[in-house]
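The structure appears below as structure tokens.
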Amino acid sequence: MSPEFYHPAITERSWTLLNQLHDDFSFVLIGGWAAWCYAQQEKSRDVDVVVDYTTLTAFQQRFPVVKNERLRKYEIPADGFGVDIYVEHYSTTLSVPPAYVLAHRRDVAGFSVPEPEALLALKATAWLDRRHSTHGDKDHQDILRLLPLCEGPALRRVMAESGMTADHRRAVDQALSLLLPEMPKRVRTTFLGLRSRWESAEQDLPER
């Protein structure tokens, strides 16, 4: 049975609002709910979306949207959870720039979501920042669910072509290096070569 990271009543309210937003707005879903679209496992709490400025204006006309200057995002408070809105050019805290997310979307489980390697990069940097928290535990499970869906060369392409900063690329590398022992060997192999230390570490890891 999958673990429940958040109270079921909260995840259900979040899911209900997410579907209402999906009916009325155009966005790319990221975060835990996007991971759920791929894996259909642990439910999420907060709703995280990437939008263009036209959609941001539409949100502002309907909801009391608050601008978070420190975290470079917009927020809508909800009942027990939040809606976080990221926009191109402004939301520089996302490891994968919003413009790339908007341009490389795909339909999964009825929602527009990033390609799995881009979502993996987003999740990896989030996990590195908060891995000693409930949110971090959820990120950890999401990453393990996403890894079998991803390919090393595709992740390298995201890291090279998306406009990620050097700090964000290093964060992705660090996060996946820390998670390397937990990867099944068939998954681990596709990520070898991202950094030379991954290859040297491979010989010391058990068969999984």
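Keeping the other protein chains in place, figure out the carbon and sulfur percent of the accessible area of the chain, with a 1.4 Å probe.
Carbon and sulfur atoms account for 49 percent of the accessible area of the chain.
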Value at 222 nm in deg cm²/dmol, rounded to 500, when DSSP H runs of n ≥ 4 in the chain each add -39,500 (n - 2.57): -15500 deg cm²/dmol
Sequence-separation-based contact order of segment 1-112, relative, with Cα cut under 8 Å and 6+ spacing, percent: 26 percent
Virtual paramagnetic centre 7 Å along Cα→Cβ of Leu144, amide N under 18 Å, in segment 39-62: 39-44
Label-reachable residues, segment 20-61, where backbone N falls under 12 Å from a point 7 Å from Tyr90's Cα toward its Cβ: 51-61
Segment 24-113: GluC sites (Glu not before Pro) in DSSP loop, at most 16 other beta carbons within 10 Å: Glu69
Backbone N under 18 Å from the Arg157 label point (7 Å along Cα→Cβ), restricted to segment 70-109: 96-97, 99-108
Accessible area of the chain divided out per residue, in Å², using a probe of 1.4 angstrom: 48 Å²
DSSP-loop trypsin sites (Lys or Arg not before Pro) across segment 1-99, with at most 12 other Cβ within 10 angstrom: Arg70
Rel. contact order, % - alpha carbon contacts under 8 angstrom, at least six apart, the chain: 17 percent
Unit charges on C-beta of K, R, D, E only; dipole of the chain, Debye: 320 debye
FRET efficiency for His22 and Lys185, using Cβ-Cβ distance with R0 set to 30 Å, rounded to 0.05: 0.20
Cα long-axis angle, helix 166-179 against the chain (0 to 90 degrees, to the nearest 10): 60 degrees
Antiparallel bridges, percent of DSSP beta bridges restricted to the chain (to nearest 5): 75 percent
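The values are calculated or read from the model by the stated rules, or taken from the named source; none is laboratory data. In this text the structure is predicted, and so the values were computed from the model without any measurement. Please note: Cβ atoms are built from the backbone with ideal geometry, for glycine as well, and neighbour counts cover all protein chains shown. These area figures cover heavy atoms from the full protein model, side chains too; ligands, DNA and RNA do not enter into them. Shrake-Rupley method; radii C 1.70, N 1.55, O 1.52, S 1.80 Å.
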